[in-house]
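Asks: I'd like to ask you about the structure that follows.
Only the coordinates and a few stated rules stand behind these numbers; no lab work does. Just so it is clear, the structure is predicted and the values come from calculations on it, not from any experiment. Neighbour counts are summed over all protein chains in view; Cβ atoms, including those assigned to glycine, are modelled from backbone coordinates with ideal geometry.
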Amino acid sequence: MATQRVGNQSAFLAAFSICGQVKMAARAAGIDRASHYYWKANDPAYPALFAEAKLKAGQELEDEAVERAMVGVFEPITYKGAFVFPVIGYEKDPETNEPDPERPIYSKAPNGIWRKSDRLLEFLLKGAKPEVYGDRVKHSGKVAKQKFKIKGSMEELLATYRELTAGKTADE
């Protein structure tokens, strides 16, 4: 029984390290996903093994993001709902032994473009070099809290507004 559990854990953790999803990893390992939560609660060695698999899954995600940002994703060209295949030549006419434009030979791969993700590239740059590409806004974390009197007449509200803005310049 213990050998089977270790085998199930190993299969689950291997699948999770690739896909990063509990549901999909459990399906791939042939177990119920509740097993993962049971192991987390009852097997003292399992949380460390799962943490390692989670790191590997995170690296898989990062590798995929870099590939999509730098290489891109192939998007095939379609026309009227069908892929467009490039013509790579023409069959020869049996009588004249000349290429026949009425009998094209199509490539096995469709036409398309490799679309890169500028947004992913931006996130990768922010993470890799935050001092150069990071957000420029710095927040100290300190916020001045003031209590405002909301009740009152319009004149009282205007007087409070004038008190708060007195002495401030347009640049502030």
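Asks: Determine the alpha carbon to alpha carbon distance for each of Lys54/Lys138; Lys80/Lys108; Lys23/Lys56 and list only those over 21 Å.
Replies: Lys54/Lys138
Asks: Need one number: the % of Cα-Cα pairs in the stretch 2-60 sitting beyond the 13 Å mark.
Replies: 55 percent
Asks: Please give me, ordered by residue number, the trypsin sites (Lys or Arg not before Pro) of the stretch 59-95 that lie in loop per DSSP and have at most 16 other Cβ atoms within 10 Å. Could you put the intermediate results ahead of the total?
Replies: On the way: sites: Arg68, Lys80, Lys92; in loops: Lys80.
Answer in residue order: Lys80.
Asks: For the stretch 75-133, would you read off the P(r) tail past 15 Å as a percentage of all alpha carbon pairs?
Replies: Tail of P(r) above 15 Å: 68 percent of Cα pairs.
Asks: Between Arg136 and Lys56, what is the FRET efficiency for a Förster distance of 25 Å, r being their Cβ-Cβ separation, to the nearest 0.05?
Replies: 0.15
Asks: Quick check: from the Cα gyration tensor, does the chain come out rounded (a/c under 1.5), prolate or oblate?
Replies: Because a/c hits 1.5 or more and a/b fails to exceed b/c, the chain counts as oblate.
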